[in-house]
């Protein structure tokens, strides 16, 4: 029976690689295996499991955070923020790239939606960077990497889903992930700063005349307006969670309302925008929850077949330490990120390994942060990195796929270095 559980896992992985729908493959194949290999009475325990997922109050934050991110994309705040920060750092070589990273960080803390951030940054900053003489690899790498920061910097849909699957507090996972996310941002900035020193011709400064022109027209008012609105939203959402005033779900509702008010303040809110945001939110949320229901079925059948106990016995027989098993899981997640989506990784691989970590006495909150950092790479690793597709879709014709692939390599290496630091030095992680 344990071998059958492993065959089920491999079968699902193979079918998904062939392009079959994830949710239907997870749920359908699991039920098929259960029908042939489990006692019929086992099916009685499945509906309560599914209802437990559907009625999970924490997961209500998913559509709210998605709504918040898409609404902010429509508000136009990103454009004014990027323009202002670019002027602030425009005199130095690499200043525009630094501005993109900082704006990506602020958008990550405001939205948490990778697609919206990468597309917005690509449309606004990529043509400007290329016109200023930036090397295409540098420009595309900075935009793609900065756009994915929303996966580890809270509020993040990835962290909400990880918290649900690992059964850990989403609020604590948010608080624990903030510092690693900011460390990643610092490493990005350090890389750009050093590269600008070594290869200044790859990242020219903004012409002085353009900076003076921007500064001459109510400069401080523009700076205040550009920074104040997103910071108010960030403080209202994350501040309410970290101070214990609101749960992540309640804070998500505050964020959704705040994003709507900011869009109204920017005079962009209308019936067409509201309809578009609601449709996109419904589409993304439905996809996530359908996969979640399929994953719940898979997790139930896998455990009923004894798959988790089989993995634990294998680890004991192989005399594998908890660190060795962790490194193996991180390698599998990293490689899987080349081929499948982060949602699929969370709902297929994580439910299988989470009970094993629990039996080995490993802190699941730490595992959640490490998985969040690791899943960050899945958006950048070719051939199926979603950030690469998003950016290519809005890039000028002069920017090739090769430019984008070469550009993200240094940032993938940086992400793996940061991941390694928190694996081998877990005491650096500040757990609330």
Take residue 3, project a point 7 Å from its Cα along the Cβ direction, then tell me which residues of the range 27-48 have their backbone nitrogen under 20 Å from it. 33-39
What's the exposure ranking of 363, 212, 341, going from fewest to most Cβ atoms within 10 Å? 212, 363, 341
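Give me 53, 160, 62 ranked fewest to most by other Cβ atoms within 10 Å of their Cβ, as a rough exposure proxy. Walk me through the numbers before you get to the answer.
Numbers: 53 17, 160 26, 62 22.
The order, fewest Cβ neighbours first, is 53, 62, 160.
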How far apart, in nanometres, would the label points at residue 261 and residue 42 be if each is projected 7 angstrom from Cα along the Cα-to-Cβ direction? 5.1 nm
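Do you know the relative contact order of the range 2-428, to the nearest whole percent, from alpha carbon pairs under 8 angstrom that are 6+ apart? All intermediate terms of the calculation are to be shown ahead of the outcome.
Working: 600 pairs, mean separation 117.9, N = 427.
Computed over the range 2-428, the figure is 28 percent.
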With 0.36 nm assigned to each residue of separation and the Cα-Cα distance removed, residue 283 to residue 51 gains 81.4 nm
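Given a Förster radius of 41 Å and the C-beta distance between residue 216 and residue 17 as r, what FRET efficiency does 1/(1 + (r/R0)^6) yield to the nearest 0.05?
Working: r = 57 Å, r/R0 = 1.39.
Calculated transfer efficiency: 0.10.
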Calculate the length of the line joining the C-alpha centroid of the range 293-359 to that of the range 12-63, in whole Å. 16 Å
Which value in nm describes the separation of the simple spin-label points at residue 360 and residue 91, placed 7 Å from the Cα toward the beta carbon? 5.2 nm
Given a 10 angstrom Cα cut-off, can you work out which residue in 52, 122, 44 is the most mobile in a GNM of the chain? 44
Centroid-to-centroid separation of the range 382-432 and the range 236-256 [C-alpha atoms, Å]: 28 Å
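Quick check: from the Cα gyration tensor, does the range 168-298 come out rounded (a/c under 1.5), prolate or oblate?
Working: a/c = 1.91, a/b = 1.43, b/c = 1.33.
Prolate is the answer for the range 168-298, as a/c is 1.5 or above and a/b outweighs b/c.
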Linear extension gain, residue 413 paired with residue 320, 0.36 nm per residue minus alpha-carbon span: 30.8 nm
With n ≥ 4 as the cut-off for DSSP H runs, can you work out [θ] at 222 nm for the chain, using -39500 (n - 2.57) per run divided by the number of residues, rounded to the nearest 500? -24500 deg cm²/dmol
Tell me the angle of helix 157-166 to the major Cα principal axis of the chain, expressed in degrees between 0 and 90 and rounded to the nearest ten. 20 degrees
Angle between the chain longest axis and helix 22-37 axis [Cα atoms, degrees, rounded to 10]: 10 degrees
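Using only the alpha carbon atoms of the range 197-257, find the Kirkwood hydrodynamic radius as the inverse mean reciprocal pair distance, in angstroms to one decimal. Before the final figure, lay out each step's value.
Numbers: mean 1/r = 0.0674 Å⁻¹.
For the range 197-257, the Kirkwood estimate is 14.8 Å.
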Computed from the beta carbon distance with a Förster radius of 35 Å, FRET efficiency for residue 208 and residue 398 to the nearest 0.05 stands at 0.85
Please compute the modelled spin-label separation between residue 270 and residue 32, points set 7 Å along Cα→Cβ, answer in nm with one decimal. 4.9 nm
Across 159, 243, 38, the residue with the highest GNM fluctuation in the chain (Cα network, 10 Å cutoff) is 243
Quick check: Cα centre of the range 135-213 to Cα centre of the range 82-97, how many Å? 15 Å
Listed residues 271, 413, 348; largest mean-square fluctuation, Gaussian network over the chain with Cα springs below 10 Å, found at 271
Sequence of 278, 187 once ranked by neighbouring C-beta atoms within 10 Å, starting from the fewest: 278, 187
Can you give me the angle between helix 364-378 and the longest principal axis of the chain, using Cα atoms only, in degrees from 0 to 90, rounded to the nearest 10? 60 degrees
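Values in this text are rule-based calculations from the coordinates and carry no lab data. Everything numeric in this text was worked out from a predicted model, so none of it was measured. As a convention, Cβ positions derive from the backbone with ideal geometry for all residues, glycine included, and neighbour counts pool all protein chains shown.
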